[in-house]
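Below you'll find the structure, written out as structure tokens, and then a few comments.
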Amino acid sequence: MSTDANLNRMTDDEIRKEQDLIEKSKKDSRAFGEIYEKYFDQIFNYILRQTGDDELAGDLCSQTFVIALNNLARYEFRGFPFSAWLYKIAGNEVNKHYRKHKGKIIFSIEELKMRELIEQTSDDWDEELINRLIQYMNELPTEMVRVLELRFFEDKDFKEIAFILDMTESGAKMRTYRALDKLRTNFNIKMKYDG
């Protein structure tokens with residue numbers, strides 16, 4: 001997994017401190033700046049991979065934080081880092097944008113991230129294979145792509161994915177394994193992670 005993704009794992013003490021900061025932010029919105037600084041890059045990159053457009057990703061990311069700040073009083077801790085709520089809002093904003101503009105969410109991923117997902121059998125990395133894989137992933141149903149992105153590029157566990165995408169934990173697992181099976185079958189490749 002990427003270094004950024006590994007930062008998503010928080011200790012119980014870090015989650016408790018974050019909850020203290022959220023409670024403080026509910027009383028004084030200036031304290032929310034610390035949350036913004038902590039999660040901006042993660043949320044921006046998550047949106048960017050779904051839009052492929054820096055300006056649009058910036059707009060949707062800003063909107064995500066505005067919505068979070070405006071609804072902070074209703075936020076309830078559910079056993080996940082605060083970022084799970086931000087990912088949920090961000091995903092909803094991306095969906096809303098594409099519904100309004102009648103577009104399709106894209107899956108924009110760089111070669112380095114693709115290498116993290118696939119176990120290669122030789123040092124020769126075929127550029128054509130990467131391009132075909134990315135194209136194929138863009139043709140997968142949006143729900144499968146989102147699950148793969150959250151699982152492998154954002155390093156979220158199935159329980160957190162289920163919360164973010166409003167589905168059951170078993171639904172998140174099922175979509176992940178179906179997507180991996182499709183990739184394995186269609187490209188005869190071995191995935192680095194199977195569980």
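In the set E34, E76, E55, which member is at pLDDT 95 or above and either surrounded by fewer than 15 Cβ atoms within 10 Å (Cβ to Cβ) or in a loop (DSSP other than H, G, I, E, B) (or both)?
Working: E34 fails: at pLDDT 95 or above; E76 fails: at pLDDT 95 or above.
Every option except E55 fails the conditions.
A quick yes/no check of all residues on (1) at pLDDT 80 or above; (2) surrounded by fewer than 16 Cβ atoms within 10 Å (Cβ to Cβ); (3) under 15 Å from F80 (Cα atoms):
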{"residue": "E139", "(1), (2), (3)": "no, yes, no"}
{"residue": "V145", "(1), (2), (3)": "yes, no, no"}
{"residue": "L148", "(1), (2), (3)": "yes, no, no"}
{"residue": "A162", "(1), (2), (3)": "yes, no, yes"}
{"residue": "E169", "(1), (2), (3)": "yes, yes, yes"}
{"residue": "T176", "(1), (2), (3)": "yes, no, no"}
{"residue": "L180", "(1), (2), (3)": "yes, no, no"}
{"residue": "L183", "(1), (2), (3)": "no, no, no"}
{"residue": "Y193", "(1), (2), (3)": "no, yes, no"}
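Test F44 against the stated conditions and say whether it is buried (at least 16 other Cβ atoms within 10 Å of the Cβ) and in a loop (DSSP other than H, G, I, E, B).
Working: buried (at least 16 other Cβ atoms within 10 Å of the Cβ): yes; in a loop (DSSP other than H, G, I, E, B): no.
No, not satisfied.
I need a count of the residues in region 40-56 that are under 13 Å from the mean Cα position of the chain (by Cα), of a type outside the set (K, R) and under 20 Å from L148 (Cβ atoms). Before the answer, list the steps.
Restricting attention to region 40-56, the residues satisfying the condition of being under 13 Å from the mean Cα position of the chain (by Cα) are 40-51.
This time we only want the ones that are of a type outside the set (K, R), so: 40-48, 50-51.
From the residues that got through so far, the ones that are under 20 Å from L148 (Cβ atoms) too are 42-48, 50-51.
Looking only at that region, the number is 9.
Which count do you get for residues in region 8-22 that are part of a helix (DSSP H, G or I) and surrounded by 13 or more Cβ atoms within 10 Å (Cβ to Cβ)?
5
The values are calculated or read from the model by the stated rules, or taken from the named source; none is laboratory data. These figures come from a predicted structure and were not determined experimentally. Glycine gets a Cβ as well: all are built from the backbone with ideal geometry, and neighbour counts include every protein chain shown.
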